[in-house]
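Just so it is clear, none of the values below were taken in a lab; they were calculated from the coordinates. Worth saying up front: this structure is predicted, and the values here are computed from it rather than measured. Here Cβ is always computed from backbone atoms with ideal geometry, including for glycine, and neighbour counts include all displayed protein chains.
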Amino acid sequence: MRIGLLAGESSGDNLGAGLMQSLTLQSPEVEFIGVGGERMMAQGLKSLAAMQILSVNGFVEPIMRLPQLIKLIRQLIREFTQADIDVFVGIDFNVFNFLLEAALRKRGIKTIHYVSPSVYAWRAGRTKRVAKCADVILCLFPFEPKFYAGLAVRAEYVGHPLADTIETDAGNAEGRAMARQALGLPTDANVLAILPGSRRGEIKLMMADFLGAAEIFCASHDNTIVVIPCIRAELKSDIEQYMQAVPGLTVRIHDGDARQPLQACDVALIKSGTSTLEATLLHRPMVVSYRLGKWTYLLVKGLLRTRYVALPNILANQQLVPELLQDDATAPRLGAALIEQFAAAQSETDFTKPFVQLHQQLRQGANTKAAAAVLGLMQNTHDR
């Protein structure tokens with residue numbers, strides 16, 4: 001059996017590697033070809049192109065690179081078809097993978113799209129596009145399959161791999177102490193984690209107010225250390241420039257991802273995104289914020305179809321954590337919300353209970369379920 005896959009970014013490479021590992025366990029004879037990163041290559045992917053070719057940012061670069069990307073799509077269609085793959089799995093990276101899936105499907109190849117677009121939040125009409133491109137859509141969240149009801153695509157909820165990776169007790173006192181030890185943080189300090197985003201534009205829009213909020217929090221809580229994870233070295237100097245405006249803060253920049261800072265912290269201030277899910281799975285109290293350019297915000301606000309933007313709130317369908325967006329995302333309001341969340345977590349014995357419930361709901365053995373869906377589609381194809 002031969003499976004084609006394409007991941008266009010690091011998060012997709014993680015998903016793809018987990019899927020490939022489970023596929024190999026369930027069907028050792030399977031072969032993989034396509035596009036992915038180091039993790040997928042380590043699981044046996046025969047590469048047809050470097051994943052870095054797909055890395056484009058902003059609005060102008062994709063347009064400038066359009067001829068190259070079209071050439072790559074045509075190359076992949078040809079190579080996947082000639083390789084006689086049994087099924088193709090497009091991992092996230094929606095626009096590129098939708099084009100590729102639609103073309104392969106026309107050639108009689110079964111297709112799976114792994115990770116539903118955020119149709120619950122905006123542009124619900126994209127479900128119809130998914131149905132034209134994929135035979136199966138694998139959903140990470142339990143409320144997503146209903147958006148595909150009545151369409152010619154089978155939507156399966158598989159759970160979120162992150163919920164399987166993070167143990168349900170990772171956020172307890174022992175886990176926090178271990179994370180602090182690994183980061184070289186004292187056990188008796190208050191730790192505030194700040195996650196302003198991984199893009200330069202996000203740093204520019206939010207870092208000053210995030211640090212201002214930290215200053216307000218620290219004024220109310222002595223012996224507080226602020227930890228800022230920074231996975232991209234080029235952003236470190238940007239963050240350090242903003243730190244100069246708050247010399248009284250004790251700030252440590254962690255050269256790595258957010259896992260350990262979130263596990264070590266008492267409370268977190270987080271840009272809306274996947275990190276809010278990671279904080280939920282670590283059962284951390286948090287304040288969620290986001291800010292866009294004025295005109296972009298007005299456009300996005302008009303398209304939004306959900307009451308909430310933070311994943312824990314969307315999953316629970318209620319406000320578990322405060323959301324302070326756009327004009328509300330000021331240092332005083334963010335600081336006050338952090339103080340309130342910290343106090344609630346210290347005083348309420350069942351504060352983490354909703355987070356634990358969400359963790360259990362998402363912990364479904366996602367890689368195993370996703371692999372079973374792929375193999376099931378392949379088997380149906382062979383039976384015919």
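Mean-square fluctuations from a GNM of the chain, with a 10 angstrom spring cutoff on Cα atoms, peak among Asn313, Asn223, Asn14 at Asn223. With the chain treated as a Gaussian network of Cα nodes joined by springs under 10 Å, which of Ile231, Ile137, Ile112 yields the largest mean-square fluctuation? The residue with the greatest mean-square fluctuation here is Ile231. A dipole drawn for the chain from +1 and -1 charges on Cβ atoms has a positive end, and of Gly171, Gln357, Leu315 the residue lying farthest that way is Leu315.
Can you classify region 146-235 as rounded, prolate or oblate using the Cα gyration tensor, where a ≥ b ≥ c are the square roots of its eigenvalues, rounded means a/c under 1.5, and otherwise it's prolate if a/b beats b/c and oblate if not? The shape class here is oblate.
By the Stokes-Einstein formula, at 1.002 mPa s and 20 °C, the chain with its Kirkwood radius over alpha-carbon pairs has D equal to 97 µm²/s.
With angles folded into 0 to 90 degrees, how steeply does helix 366-383 sit against the dominant principal axis of the chain? Use alpha carbons for both and round to 10. Helix 366-383 and the main axis of the chain meet at about 10 degrees.
Can you tell me the orientation of helix 10-26 relative to the chain, as the angle in degrees between its alpha-carbon axis and the longest Cα principal axis, to the nearest 10? Here the helix axis deviates by roughly 50 degrees. For the chain, the longest principal axis of the C-alpha atoms and the axis of helix 94-106 are separated by about 10°.
Its Cα centre serving as origin, the chain has a Cβ charge dipole (Lys and Arg +1, Asp and Glu -1) of approximately 1740 debye. Suppose only helical runs count, i.e. DSSP H with n ≥ 4. What mean residue ellipticity at 222 nm does that imply for the chain under -39500 (n - 2.57) per run, divided by all residues and rounded to the nearest 500 deg cm²/dmol? Helix-only estimate at 222 nm: -15000 deg cm²/dmol.
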